[in-house]
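Q: I'd like to ask some things about the structure below.
The values are calculated or read from the model by the stated rules, or taken from the named source; none is laboratory data. Just so it is clear, the structure is predicted and the values come from calculations on it, not from any experiment. Positions of Cβ are backbone-derived with ideal geometry, glycine not excepted, and every protein chain shown enters the neighbour counts.
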Amino acid sequence: MSVTGEPPETRSEIRSVIATDCGSTTTKAILIERNAAGEYRLVSRGEAPTTVEAPVEDVTRGVVNAVRELEELRGRTFLGEDATGETIISRPQVGDHGVDLYISTSSAGGGLQMMVAGVVKKMTTESAARAALGAGAIVMDALAANDKRLPHEKIERIRQLRPDMILLAGGTDGGTRKHVVAMTELLRAAQPRPRLGTGFDLPVIFAGNRAVRAEVTDLLAGRVALQIVDNVRPSLDLENLGPARDAIHELFLEHVMQQAPGYGKLMSWTDVPIMPTPGAMGLIIETLARRTKQHVVGVDIGGATTDVFSVFDGVFNRTVSANLGMSYSVSNVLAEAGIANIQRWVPFDLEEHELRDRIGNKMIRPTTIPQTLAELKIEQAIAREALRLSFVQHAAFAVKLRGTQQTSAIGEGMDGVEHSDTLVDMLKLDLLVGSGGVLSHAPRRAQSMMMMIDAFAPEGITELAVDSIFMMPHLGLLSTVHPVAATEVFEKDCLVYLGTCIAPVGGRGHGPLCDLVLELPDGTTQRRTLVAGELACLPLADGARANATITPVRGVDVGGGPGVEVKRSLRGGSTGLVLDGRGRPIVVPTEREARVRAVQAWAGALDLYPAAAE
């Protein structure tokens, strides 16, 4: 059975969907089916090692292996052969054979790796970086006319990195010309070559001052594959990222994906274009924030990178920490965080040299998983630092538009002055969502909740959830094809609500922080006082809600302002309500014995590691 030529969008009835995500180490496949009640639900999940590298060098082999696991679990056949005898995913569904829709995301082979360039580092270059990150790219470097690097250093950097494509911005429409031309001349002198493939030119997107388009075209003609789109920063107070993002997606499919082993074949299988995994993840986070009208932060922690997404006041931002991951990049977490910052989260006495050795072993054997409880505790300590550092980087990037109060003169805004204008406001945050192996596959959901609380240090009242089995990217792409199916599966099978964290901010570091009155679903009322330094967990089942009146002491804020009483409906979850009186930032004792006692007490408060498991 071969693939039908009928586009899936025109079919009135889609009964089944297979979605795959080709990750750097693992290819994940999910099967979604419409049940007798007419609802779309997740029914099976399969996975297999990704096969983009030698000796296989064909990404479709990993896809086939993951789908074969679906076949075994479901007792159905989804694979068939085309006219040449090549194995394919059969469509449409006929009886118990095949599926109606096949889609895929991918971050295999290092994902989409880009460089961006602009004129002012904190203005047009920042806007270009936001466009690239929003399209699902890893930004390897951001060049700017005012970044204090000499011309030959910038040229050498372009040659050295060999990105998949370059996004060149700079100048508002009708603004500076000289500096845009100068950046274009540097690009011309570098004679950049792409990371993959040797027989084609490097894709370059120009999204800068429209008045300079002719000069940019003349300078780069015949040297790169140039595409011109609307300016990402047409004026100082306006960003226009959509055209650049769309162009990045198109070029990624046409130029980059075609060069990766087996991707041409995979693209012929899918019913819609393959999307970079981070781009699809961003879609579902944006959709969630828009649908619930909440301020949302999402994180996807992988083996090589950690992506952070946020939506505050309707503004979406994404950052990727390319060297902060749990396998390939685990030694970089150690290098950036420092041994003491990782060690502080380990709930037992562990010598520095042993911790270093364990991290080194994980780096050289990236696909291994913890075999003992001690190894699990160490991995989760590393995850806290990878998440924390990634969020620090995100908060520094997710800022209001720079330069909106300045004139358009190029000299202004090039002074390198930093501004504290991040959009990330933890007291506003409504929902924190975690995804990625270390969070989605933690043996106990309370471990995921504790890792996110320790890493992100939410303030005030914040709900926490986790991607049940890592399928948010699949659903992000599915939402562009079949929004109903994506929404139903997301709400019923994807998000696992962990509970709500109440974390007062401020106070003297000792004594009472706030009084809580909880009206529980069974009609009873519970009263308690949260004191500084305390961490406690109150049971509240998933789906249940408690009406809370929280009265902070003078100078303490729980979301309404210092000393202001807050009344809220609190959502329960698999862990319940976590009362965190440890203060912000969370301070871990530095003395060894005191540190171990504190971390063990915190773990005991949420019953992270039951004694029977020791």
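Q: Which of the residues that make up the stretch 583-601 are in a loop (DSSP other than H, G, I, E, B) and either among the acidic types (D, E) or in contact with a strand residue (DSSP E or B) (Cβ under 6 Å, 6 or more places away or on another chain) (or both)?
A: Scanning the stretch 583-601 gives R584, E591.
Q: Which residues, counting only those in the stretch 82-95, are in contact with a strand residue (DSSP E or B) (Cβ under 7 Å, 6 or more places away or on another chain) and without any contact (Cβ under 8 Å) to a residue 60 or more places away in the chain?
A: Across the stretch 82-95, the qualifying residue is only T87.
Q: Checking the structure you have, find out if any residue of the stretch 235-244 is crowded, with 20+ Cβ neighbours inside 10 Å, touching a Ser or Thr at 6+ places or on another chain (Cβ under 8 Å) and of a type in the set (S, T, N, Q).
A: Checked against the condition, which is being crowded, with 20+ Cβ neighbours inside 10 Å, touching a Ser or Thr at 6+ places or on another chain (Cβ under 8 Å) and of a type in the set (S, T, N, Q), the stretch 235-244 yields no hits at all.
Q: Additional query: Within the stretch 510-524, does at least one residue satisfy the condition of being free of Cβ contacts under 8 Å to residues at least 60 places away in the same chain, outside the structural domain of S44 (by TED's automatic domain parsing), under 29 Å from the mean Cα position of the chain (by Cα) and at positive phi?
A: No.
Q: Now for a different question. When you scan the stretch 31-50, do you find a residue that is at pLDDT below 90, touching a strand residue (DSSP E or B) at 6+ places or on another chain (Cβ under 9 Å) and not hydrophobic (A, V, I, L, M, F, W, C), even just one?
A: yes
This table checks each residue for (1) within 25 Å of V299 (Cα to Cα); (2) not polar (S, T, N, Q).
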site: I339; (1), (2): yes, yes
site: L355; (1), (2): no, yes
site: E379; (1), (2): yes, yes
site: L387; (1), (2): yes, yes
site: Q393; (1), (2): yes, no
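Q: Among the residues of the stretch 344-355 satisfying the criterion of being surrounded by 15 or more Cβ atoms within 10 Å (Cβ to Cβ) and without any contact (Cβ under 8 Å) to a residue 60 or more places away in the chain, which is farthest from I382 (Cα to Cα)?
A: L350
Q: Within the stretch 557-569, is even one residue at pLDDT 95 or above, assigned to a loop (DSSP other than H, G, I, E, B) and among the aliphatic types (A, V, I, L, M)?
A: yes
Q: Suppose we filter E336, E352 for residues that are under 30 Å from E239 (Cβ atoms), of a type in the set (D, E) and either outside the structural domain of G171 (by TED's automatic domain parsing) or in contact with a strand residue (DSSP E or B) (Cβ under 9 Å, 6 or more places away or on another chain) (or both); which single one remains?
A: Sole residue among the options that is under 30 Å from E239 (Cβ atoms), of a type in the set (D, E) and either outside the structural domain of G171 (by TED's automatic domain parsing) or in contact with a strand residue (DSSP E or B) (Cβ under 9 Å, 6 or more places away or on another chain) (or both): E336.
Q: Which residue pairs have Cβ atoms under 7 Å apart, sit 6 or more places apart or on different chains, and have a first residue in the stretch 292-321 that is farther than 20 Å from V139 by Cα and a second that is in a loop (DSSP other than H, G, I, E, B) and small (G, A, S)?
A: Within 7 Å, no pair qualifies.
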